[in-house]
Amino acid sequence: MSETGQRRIVVVGGGTAGWMAAATLSRFLGNTSIILVESDAIGIVGVGEATIPQIHLFIGGLGLHEADIVRETKATYKLGIEFDGWLEPGHRYMHAFGIVGRAVGVIPFRQLWHSARSHGLAEEFGHYYFNEVAARMGRMAIPEGPANSALGLVHAYHFDASLFAAFLRRYAEERGVTRIEGKIDSVERDEQGGDVAALLLDGGRRIEGDFFLDCTGFRSLLLGQTLGIGFRDWSNYLPCDRALAVPCARSENFRPFTQSIARKAGWQWRIPLQHRTGNGHVYCSSQISDDEAASILLEHLDGDALDDPRPLRFTAGMREQVWSHNVVALGLSAGFMEPLESTSIHLIQSSIARLLTFLPKASAGPAVREKFNRQTATEWEQIRDFLILHYKANRRIGEPFWDQCRDMPIPATLAEKIALFEEAAIIVREDNELFTEEGWGKS
């Protein structure tokens, strides 16, 4: 504790994860001194530009207004994600947000649709989604009341991640968060319990804390490097290990949805913003060279490239624990899964919300940490399984990468879900699972 009796929470690293955490803690925690340490000399990944509708819980919780978010982050509205070529070349489907159809009594709409479809009485499933119909027409209804209330058009945003972080920085600093610029030379640990005690910065500065949030990206400086928490490698299920990101000029053919386009050895994202389009190529480096991956990306932009492609290397997976001692990892420090379903920012948000529930006034014990870690691991594994299904269910016969994905072993949790669906067209959601039955049914 500080001399004033305040708890000192140190957020290590800025970017989206760091400033989301600082903004939220400054809003909800009393008698707490919040310090964020970051260095302008260390770059951030910053390619996450697409969100899912749960972002409204974060925005509303901070008391922010949608119009401010849209203006300050150059945001556009997002009604869903289109998957182009994932089942087979030329085939498209959309994972649209919101509900579809209406149940009759206890019979879900999907079962009614299946019955009608088998008798030639129904169109494609997407025709019954408000969101998908509107997205295909390039339309959006802005709610006059609560967000997501108008016509069932449940929406999220595409925004500039760096502008989002800057917006949250202003919010946090207005509420007392102290930002310290500097590079971390070393980390000091308590000799008795092994907790992180302080950060030692360049110039000999020492930043003490009672609790630390590791937002240092892939380095995982506190949780991985300092505390030695291992990494669960999921690359046997999610084989893509590299990405190239490049912005291009904004296309006049605006689409209110994210595009995910299957390529030779991976997939391409296309995310429209007000001022540009975000593009990226996620791929498997054992199946395609970096040069060929860059060529494929640049050949499929819908505007002039505004920069050279920026390379990223990653391994899909997560830390064996995300809370150890007095450190919780957020964002890339906790793990990474490719942004196929725009879940990166959501995983930061959900961990922050969970932390507000679990963070006690005094030091947390093993029972608190164990429950937090178990709930976090469950959430990550459920999302992992959903992403794996996109690859596993492909019908792109004769293409080495896609053949490999179709034949790969899968986790037992996903195998059980597939077996239930194949036997009885049943989709079971457990433990407040993020994705809906309709989402699983389309994947």
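The values are calculated or read from the model by the stated rules, or taken from the named source; none is laboratory data. Here the structure is a predicted model, which is why all the values come from computation and not from measurement. Note: ideal-geometry Cβ built from the backbone for every residue, glycine included; neighbour counts use all protein chains shown. Keep in mind that these areas ignore ligands, DNA and RNA; they rest on the heavy atoms of the full protein, side chains included. Shrake-Rupley method; radii C 1.70, N 1.55, O 1.52, S 1.80 Å.
I'd like to check something: does segment 139-147 contain any residue that is modelled with pLDDT of 85 or more and either touching a helix residue (DSSP H, G or I) at 6+ places or on another chain (Cβ under 8 Å) or more than 30 Å from residue 59 (Cβ to Cβ) (or both)? Break it down stepwise before answering.
Of all residues in segment 139-147, those modelled with pLDDT of 85 or more come to 139-140.
Filter once more, so that each one left must be either touching a helix residue (DSSP H, G or I) at 6+ places or on another chain (Cβ under 8 Å) or more than 30 Å from residue 59 (Cβ to Cβ) (or both): 140.
Among the residues of segment 139-147, at least one is modelled with pLDDT of 85 or more and either touching a helix residue (DSSP H, G or I) at 6+ places or on another chain (Cβ under 8 Å) or more than 30 Å from residue 59 (Cβ to Cβ) (or both), which makes the answer yes.
Residue 255 falls short on exactly one of the conditions (1) surrounded by fewer than 21 Cβ atoms within 10 Å (Cβ to Cβ); (2) farther than 30 Å from residue 405 by Cα; (3) modelled with pLDDT under 95, and that condition is (2).
One residue stands out in segment 92-107 among those that are open to solvent by 60 Å² or more (accessible area, probe 1.4 Å) and not aliphatic (A, V, I, L, M): the one that is nearest to residue 403 (Cα to Cα), namely 92. Please go through segment 187-207 and give me each residue that is open to solvent by 10 Å² or more (accessible area, probe 1.4 Å), within 18 Å of residue 359 (Cβ to Cβ) and either out of contact with any His (no Cβ under 6 Å at 6 or more places or on another chain) or of a type in the set (Lys, Arg) (or both), ordered by number. Across segment 187-207, the qualifying residue is only 193.
Filtered by the rule that a residue be closer than 25 Å to residue 5 by Cα, free of Cβ contacts under 8 Å to residues at least 60 places away in the same chain and part of a helix (DSSP H, G or I), segment 169-203 gives 173, 174. Taken over segment 429-442, the criterion of being open to solvent by less than 60 Å² (accessible area, probe 1.4 Å) and either in contact (Cβ under 8 Å) with a residue 60 or more places away in the chain or in a loop (DSSP other than H, G, I, E, B) (or both) is satisfied by 433, 434, 435, 436, 438, 439, 441, 442.
Residues in segment 358-398 that are over 19 Å from residue 434 (Cα atoms) and of a type in the set (S, T, N, Q): 363, 394.
Sub-7 Å Cβ pairs linking a first residue in segment 278-303 that is in contact (Cβ under 8 Å) with a residue 60 or more places away in the chain to a second residue that is part of a helix (DSSP H, G or I) and open to solvent by less than 60 Å² (accessible area, probe 1.4 Å), at least 6 apart or interchain, are 284/401; 287/401, ordered by first then second residue.
Do we have residue 225 as among the polar types (S, T, N, Q) and not in a helix (DSSP H, G or I) here? Criteria not met by residue 225. Do any residues in segment 125-143 that are more than 9 Å from residue 96 (Cβ to Cβ) have Cβ atoms under 7 Å from those of residues that are assigned to a helix (DSSP H, G or I) and at pLDDT 90 or above, where the two are at least six apart or on different chains, and which pairs are they? So the pair list comes out as 127/133; 140/134.
Considering only residues that are among the aliphatic types (A, V, I, L, M) and in a loop (DSSP other than H, G, I, E, B), which ones fall in segment 285-320? 288, 301, 306, 316 - these are the residues of segment 285-320 that are among the aliphatic types (A, V, I, L, M) and in a loop (DSSP other than H, G, I, E, B).
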